[in-house]
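Here the structure is laid out as structure tokens; the discussion comes afterwards.
The values are calculated or read from the model by the stated rules, or taken from the named source; none is laboratory data. Every value quoted in this text rests on a predicted model; they were computed, and no experiment measured them. Counting neighbours? That spans all protein chains shown, and the Cβs are built from the backbone with ideal geometry, glycine included. Each accessible area value is taken on the protein alone, full model and side chains, heavy atoms only, with ligands, DNA and RNA left out. Shrake-Rupley method; radii C 1.70, N 1.55, O 1.52, S 1.80 Å.
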Amino acid sequence: MSDPDSLPDVTPPKSKPDPEHPKPFNTDDIDEEEEDDDDENDVEYDDEDAKGEVFGEPNRPKPQSREAQFRSEKLKMDSLLQRMQSGPVSVRVHDVIIKGNTKTKDHVIEAETEVLNNVGSMQELLKASQIVNLRLQALEIFDSVKITLDSGPPELPGTANVIIEVVETASPLSGQIGAYTKAEARSSTVEGSLKYKNFFGYGDLWDGSLAYGYDHSAELSAGVFLPKFKGLVTPVSARAYLLSQDWLKFSSYKERSMGLSLGLFSTPYHDLAYNLAWRTLTDPSQMSSRSIRRQLGHNLLSSLKYTFKFDRRNSTMRPTWGYAFVSTTQIGGLAPDSRSLRFLRQEFDLRYVVPLGFYHAALNFGVSGGVVFPWGNGFSSRPSSLPERFFLGGNISPVCALGGPTALWGFKTRGLGPTEPKRQVNNESADPSGVDFLGGDLAVTALADLSFDLPFRWFREKGIHAHVFACAGNVAKLTENEYRNISVQKFVESLRSSVGVGLVVPTSLFRMELNYCYILKKLDHDRAKTGVWLTFSAAS
């Protein structure tokens with residue numbers, strides 16, 4: 001596969017440099033310059049050749065030798081480089097020629113080359129060609145992509161032809177297996193997937209996956225991705241899934257969902273998706289608290305989710321400069337069904353990284369928040385949907401969890417927030433002090449992380465570094481008129497917090513942290529401990 005960062009091959013345009021008044025390159029300019037340099041030999045050559053000509057036959061130029069062609073091309077390249085250094089070289093794209101696609105439709109490739117139509121100079125053309133190369137590589141249906149720039153027709157000076165040569169993948173079927181940690185699941189999973197590329201020649205990617213979590217969660221899904229082509233403005237995707245999650249240990253219920261997710265609109269900054277799912281909450285233990293029992297049964301999820309995201313950090317595993325922002329808005333209850341969940345959910349996450357200039361050190365600040373609320377008649381007295389609430393804690397690093405309030409160092413999965421005692425049963429093995437974590441309608445977290453290199457060469461070469469951190473967060477209930485009992489002072493006074501120091505081992509798949517955490521503040525029922533923690537986090 002070709003290197004996506006390499007510049008495309010360039011057949012240089014043919015014109016003399018003019019720094020003040022750049023003119024479109026002309027295929028005759030450099031040829032005239034060559035004739036001026038060797039005018040005597042050219043004349044002699046033409047005279048000798050003319051002596052043997054037959055009257056009435058057209059003059060046929062004698063083919064150049066390989067050395068002469070090399071000198072000619074070198075002169076053209078030198079002239080182009082001189083002009084590009086002195087200022088813009090005016091050029092526009094005359095034609096885009098596609099070669100090598102035997103199965104892929106032309107319009108699939110053409111949709112990724114629209115940026116070429118807007119170039120006005122050779123410098124812009126080179127940048128646009130790199131962008132096109134990267135976009136075509138990102139389709140995952142080509143083993144290699146090569147872009148060559150050539151001069152346009154002689155009768156159209158100042159034009160260039162772009163030749164795109166692709167090699168379609170020789171192995172359309174691929175698979176992978178790995179272990180991951182996802183912020184959404186708050187646990188680690190083993191996942192395996194199969195992918196088939198370009199089945200119909202539209203750049204379509206078909207895949208099926210199976211994931212199993214250490215907390216007995218499981219997901220089976222299949223989907224398709226279509227890049228933008230013909231009338232589509234952006235890529236579209238669809239995915240059907242079966243999901244089972246076990247929250248008995250934390251909140252005394254199991255969740256099973258069967259649904260469909262449609263990606264309606266997707267750009268580098270914006271994403272719009274529709275979700276339709278039939279969801280069932282059960283309690284096999286029959287020990288759930290009263291608030292959990294009220295949520296058991298069937299319901300319908302019909303929601304629209306919009307995400308705005310930009311990330312200007314140099315790395316998601318170890319950011320040393322830049323900033324990032326994510327905002328997610330979700331509205332549920334779009335189906336005309338009494339069992340359809342009606343809610344509004346808003347999340348945001350802001351990160352800012354300050355480089356310190358020594359030992360590759362950087363200070364990472366972050367603040368995130370979220371709120372969920374039901375809507376409809378009597379919304380203030382109704383509880384919010386249990387799976388849509390916010391739960392903090394888990395075996396993940398807050399540095400990698402970009403997207404909303406999720407984790408705090410030193411707190412276990414669903415380890416803080418509002419609780420309620422479980423149902424009391426006549427069972428000696430039952431825990432009389434057991435509680436259900438109910439989650440919250442309002443969540444806020446903040447973090448500060450100072451990372452720096454260690455004074456050992458081997459550690460620096462492997463990317464292993466140290467960090468000192470501090471974090472704080474809280475979850476509160478707003479629904480069922482509880483918002484009347486909350487104030488800013490009470491919310492701040494009940495903030496949980498922790499500090500610590502640790503060793504970070506980044507890899508291509510995940511970030512591993514070996515930390516010592518010290519809990520500064522926790523409440524009675526919180527599940528947190530001071531001690532050594534080992535976390536695994538995938539990039540968000």
Positive-end residue of 259, 285, 245, charge dipole of the range 238-312 with Cβ unit charges: 285
Which whole-number value in Å² is the accessible area per residue of the range 85-168, probe 1.4 Å? 45
Of the accessible area of the range 85-168, with the probe set at 1.4 angstrom, what percent is carbon plus sulfur? 48
So, over other residues within a Cβ distance under 10 Å of residue 505, counting Lys, Arg +1 and Asp, Glu -1, the net charge is +1
Could you list the trypsin sites (Lys or Arg not before Pro) in the range 339-380 that lie in coil according to DSSP, counting only those with at most 16 other Cβ atoms within 10 Å of their Cβ? 339
Could you report the range 218-357's accessible area per residue, 1.4 Å probe, as an integer in Å²? 50
Ignoring ligands, DNA and RNA, please state the percent of accessible area on the range 384-540 from carbon and sulfur, probe 1.4 Å. 58
So, relative contact order of the range 85-168 in percent, Cα under 8 Å, 6 or more apart, is 42
So for the range 415-533, taking the charge dipole from beta-carbon charges (+1 Lys/Arg, -1 Asp/Glu), which of 518, 463, 475 sits furthest toward the positive end? 463
Leaving out ligands, DNA and RNA, and with a 1.4 Å probe, what % of the accessible surface on the range 192-252 is carbon or sulfur? 71
By per-residue mean of other Cβ atoms within 10 Å, what is the highest-first order of 483-494, 397-408? 397-408, 483-494
Assigned charges on the beta-carbon of Lys, Arg, Asp, Glu; the range 85-168 dipole about Cα centre (debye): 120
Using +1 at the C-beta of Lys and Arg and -1 at the C-beta of Asp and Glu, which of 151, 104, 123 has the Cα lying farthest in the positive direction of the dipole of the range 85-168? 123
Of the listed links 103/146; 254/305; 422/529; 197/228; 74/127; 249/412, those spanning more than 19 angstrom between alpha carbons are 254/305; 422/529; 74/127
Place the peptides 124-132, 328-336, 375-383 in order of packing, highest mean first, counting for every residue the other Cβ atoms within 10 Å and averaging per peptide. 124-132, 328-336, 375-383
Loop sites in the range 498-530: chymotrypsin sites (Phe, Trp or Tyr not before Pro), DSSP, at most 14 other Cβ within 10 Å: none
Would you mind putting 277-283, 442-448 in packing order, based on average other-beta-carbon counts within 10 Å, highest first? 442-448, 277-283
